[in-house]
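Remarks on the structure that follows.
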Amino acid sequence: MDSVDAVFLPDRRGPACNPLLDQLPSYQSLLYRRKPSHGGSTKRRSSSQRGRFGSLSNKWTTTGRAENKQKTATVQRPVREQPKTMEEKRRDREQRREQDRRLGGWSQWQRSMRRSLRRMRDDGLDLLRGLELWRGDIHVIEGMFGTGILSYFSFLRFLVLLNFIMFLLMFGFVMLPIIMAPSASGNITSYISNSSQCSDYPSSSRQGLVVFHQYITDLLSGTGFLEQTYLFYGYYRVGGVHFPRFSYNLPLAYLLVTAAYLLLSLVWIVKRSAAGFKQNLIQDEDRFQSFCNKIFSGWDFCITNENASRLKRSSLLYELKTDLEEERIKQKIADRTRKDKCRIFALRVVLNVFVIAVLAACFYCIYRATIFSQEAQMTTTNFIIDLIYEYLPSIVITMANFLTPQVFSLIVQFEDYSPAFEIRFTLMRCVFMRLASIGVLLFSLWSQITSCEGGSCTCGYNHKLYPCWETRVGQEMYKLMIFDFIIIGAVTVFVEFPRKIIYNYCHCGLAKWWGQQEFAIPQNVLEIVYGQTICWIGTFYCPLLPAISTIKFFIVFYIKKVSLVNNCRPATRPFRASSSNFFFLVVLLIGLALACVPVLVSIAQIPSSQACGPFIYYKTSWNVVPETVKELPAGLRTFLYALASEPFAVSLFVITCLAMFYVIALAGAHKQVINQLREQLAMEGRDKRFLILKLSHAQKRASAGHSSSSARSNRYNSTQSRENSGVFLVQPAPDSATQV
């Protein structure tokens, strides 16, 4: 350390001037930024030198402390986890054993217990990893196709677990009390139908001789024998379950479980997206760093398949071309004239108006198909025709979801965006189309539910057409879920598999131009996000829908795996695992926000059915909460009223705003520090380059001086040798003359 300080600080008593350090680019940049005046230039220069040399001294001190901390952390880690050779690990193990022998009995016991607990924890974590769903299959996919496609299957596994937890909530708090009541000597309080018109709920079960295809219709549409089962909302016509020691309020439990699975989904998604958001912040880099990362660290070493490695190489080439294209477009944007900007903006406005017109046409078709389907279901004509009428909204939505992405991909080419923004903008349009179509379907249903012939509804809703409107909404969500699963399987069997056969065995130009089916990650993610949004909306009306969604995604995993391995190839346009995980969760969060809107509206605004379900005697489903609060003790009731009061809401809002401002300010400070660290890294790179150039020049001068000195010494040695040889030859002559 003293030698280092001697180099940078020759005189410890004051700030000395080092000509080499004064020439560093970082120091020159610091002087340029400060711009000292003429009067105080000497003083500021000395203070800046003092600060610079002091920072250098602190740097060496901090470096020494960091090294000591790193050594301490390395010593505390287990030997097998340390990055050392086997000989060093054996030596460390022997040293630790010697240290253990010197300790007392109590200290030895404590250390052995810590090691045993650590080993037990590691074994438990290994066991949990071994029980992880699809662990081996996902490792195989990762080895064959890399981490980009792996992210899709990991996302699918996350949705399977989420739906399974939702099913456990609905089953444990809603279905299980009803199932256990008879065996646990409990009494079920069922609502008794009164003589009013609103409480009439005719049975939809088929009577007499039932043809087999009618069972298929009931199975696919959720009507008939499935309507009066645990599958739908209308079956839970229970006011409470009375056990020997307590009473169970089923309507309150039904409402709280709905809020619980929505809140659980929100927390889980936000928790998983936080890591992806951090990675996106880290990867928010300039273009030069992006080029360096792609060239030096862009390869995915998880790939072991030859075709996948070839595709990865082509994807890296595509990324570099895309980055260069973005640089070209940025330069083109910078060189645009005002006339060019007006032309492009006008073209974009026209194209976006056309996109809005396409979306409006699709939404209108969905609305008309829903109205026509609801009216056509009142009459029966034929098995096939009735099934088409039942699934007409689902068919129209599927066709819109298939056609609009093609239109959006064609339109975005004329809007003159960068390639990366083209992908994101097209995906956001497709997300809006898929998720908004569900909202249009629900709006169409509610327009039918809340409208009556005379203009005013006696029951608060159209009881004549929809005696249990919640069950009808649940049936529509059930049909959307079933039809989406049928479409995924049909596309795999009847589109992707024949296309692979044609590509392999037909050598015509059209087949080669058509090519092999690409496994497009964004489109596949939109499919499962669409299905998950249906599950979130429909769980309130169809409590067993999470179980159906779990089974569906479980089967979809194997369908997509077989299709990927046998029928498809990875997309030529790459999708990084870090950015894709964050994008998946953002789209899923948008789907959750959209799903909460209709569920909350139906709970708080639309009158609940008076002929079915647990909320018969409540005007809306939310009314069960204030009615339950009134039955609580006075102290707890006062506390809950205080939480729901306006002063508490205002105070909570103010505290939340202050916390948000603090977090925003902290994030801004962190961002400024990150920018300063990046500048410091760039300056250190320039300093290293400067020092390397100085070192190379010094080496060249030293080598040149050494060569010149060696040349002079060689010339001197040759002269001396010639002189010595001349003396040696001339010297015997006098001797011979003397002898003569």
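The values are calculated or read from the model by the stated rules, or taken from the named source; none is laboratory data. As the structure is a computational prediction, the values presented were derived from the model and not from experiment. Because the Cβ atoms are built from the backbone with ideal geometry, glycine has one as well, and the counts that use them run over all protein chains shown. Ligands, DNA and RNA are excluded from the accessible area calculation, which covers all protein heavy atoms including side chains. Shrake-Rupley method; radii C 1.70, N 1.55, O 1.52, S 1.80 Å.
Annotation note: of Ser651, Ser645, the sole residue that is at pLDDT below 85 and open to solvent by 30 Å² or more (accessible area, probe 1.4 Å) is Ser645.
Conditions (1) modelled with pLDDT of 85 or more; (2) closer than 22 Å to Val257 by Cα, marked per residue:
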residue: Met175; (1), (2): yes, yes
residue: Ser190; (1), (2): no, yes
residue: Ser193; (1), (2): no, no
residue: Cys198; (1), (2): no, no
residue: Pro202; (1), (2): no, no
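Looking at the range 328-346 only, could you name the residues that are open to solvent by 70 Å² or more (accessible area, probe 1.4 Å) and assigned to a helix (DSSP H, G or I)? Arg328, Lys330, Gln331, Lys332, Ile333, Ala334, Arg338, Lys339, Lys341, Cys342, Arg343, Phe345 - these are the residues of the range 328-346 that are open to solvent by 70 Å² or more (accessible area, probe 1.4 Å) and assigned to a helix (DSSP H, G or I). Scanning the range 421-480 for residues being closer than 14 Å to Pro393 by Cα, without any contact (Cβ under 8 Å) to a residue 60 or more places away in the chain and of a type in the set (S, T, N, Q) gives a total of 0. Only one of the numbered conditions (1) part of a helix (DSSP H, G or I); (2) modelled with pLDDT of 75 or more is violated by Trp299, and that is (1).
Determine whether Val353 is assigned to a helix (DSSP H, G or I), in contact (Cβ under 8 Å) with a residue 40 or more places away in the chain and within 30 Å of Phe414 (Cβ to Cβ). Criteria not met by Val353.
Is there a residue in the range 356-364 that is exposed (fewer than 12 other Cβ atoms within 10 Å of the Cβ), modelled with pLDDT of 85 or more and more than 17 Å from Leu441 (Cβ to Cβ)? Checked the range 356-364: at least one residue is exposed (fewer than 12 other Cβ atoms within 10 Å of the Cβ), modelled with pLDDT of 85 or more and more than 17 Å from Leu441 (Cβ to Cβ).
Return the residues of the range 368-414 that are open to solvent by 70 Å² or more (accessible area, probe 1.4 Å), among the aromatic types (Phe, Trp, Tyr) and touching a helix residue (DSSP H, G or I) at 6+ places or on another chain (Cβ under 8 Å); say none if nothing qualifies. Once the filter is applied, which keeps residues that are open to solvent by 70 Å² or more (accessible area, probe 1.4 Å), among the aromatic types (Phe, Trp, Tyr) and touching a helix residue (DSSP H, G or I) at 6+ places or on another chain (Cβ under 8 Å), the range 368-414 yields Phe372, Phe414.
Conditions (1) touching a residue at least 24 places away in the same chain (Cβ under 8 Å); (2) basic (Lys, Arg); (3) open to solvent by less than 60 Å² (accessible area, probe 1.4 Å); (4) over 30 Å from Glu142 (Cα atoms), marked per residue:
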residue: Val565; (1), (2), (3), (4): yes, no, no, no
residue: Ile590; (1), (2), (3), (4): yes, no, no, no
residue: Ala595; (1), (2), (3), (4): yes, no, yes, yes
residue: Val663; (1), (2), (3), (4): no, no, no, yes
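Scan the range 365-395 for residues that are within 17 Å of Arg429 (Cβ to Cβ) and at pLDDT below 85 and the total you get is 0. From the set of residues in the range 133-153 that are surrounded by fewer than 17 Cβ atoms within 10 Å (Cβ to Cβ) and in contact (Cβ under 8 Å) with a residue 40 or more places away in the chain, which is nearest to Val267 (Cα to Cα)? So the residue we want is Asp137.
Of the numbered conditions (1) open to solvent by less than 60 Å² (accessible area, probe 1.4 Å); (2) part of a helix (DSSP H, G or I), Tyr618 fails exactly one; give the number of that condition. (2) is the only condition that Tyr618 fails. Of Ser456, Ser447, all but one fail to be more than 30 Å from the chain's Cα centre (by Cα), over 21 Å from Tyr389 (Cα atoms) and either open to solvent by 30 Å² or more (accessible area, probe 1.4 Å) or at pLDDT 80 or above (or both); the exception is Ser456. When Ile502 is tested against the conditions (1) touching a helix residue (DSSP H, G or I) at 6+ places or on another chain (Cβ under 7 Å); (2) under 30 Å from Phe582 (Cα atoms); (3) open to solvent by 20 Å² or more (accessible area, probe 1.4 Å), the lone failure is (2).
Please work out if Leu480 is among the aliphatic types (A, V, I, L, M), under 23 Å from Leu445 (Cα atoms) and surrounded by fewer than 20 Cβ atoms within 10 Å (Cβ to Cβ). For Leu480, the condition - among the aliphatic types (A, V, I, L, M), under 23 Å from Leu445 (Cα atoms) and surrounded by fewer than 20 Cβ atoms within 10 Å (Cβ to Cβ) - is not met. Number of residues in the range 421-451 that are farther than 30 Å from Val586 by Cα and touching a Phe, Trp or Tyr at 6+ places or on another chain (Cβ under 8 Å): the value is 3.
Here is a yes/no grid of residues against (1) closer than 29 Å to Tyr466 by Cβ; (2) surrounded by 18 or more Cβ atoms within 10 Å (Cβ to Cβ); (3) at pLDDT below 80; (4) under 44 Å from the mean Cα position of the chain (by Cα):
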position	(1), (2), (3), (4)
Leu162	no, yes, no, yes
Leu168	no, no, no, yes
Gly208	yes, no, yes, no
Gly222	yes, yes, no, yes
Gln228	yes, no, no, yes
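The sole residue among Leu281, Leu311, Leu317, Leu263 that is assigned to a helix (DSSP H, G or I), open to solvent by 50 Å² or more (accessible area, probe 1.4 Å), at pLDDT below 70 and not charged (D, E, K, R) is Leu281. Taken as a whole, the structure places Leu255 among residues that are surrounded by 17 or more Cβ atoms within 10 Å (Cβ to Cβ) and under 22 Å from Phe164 (Cα atoms).
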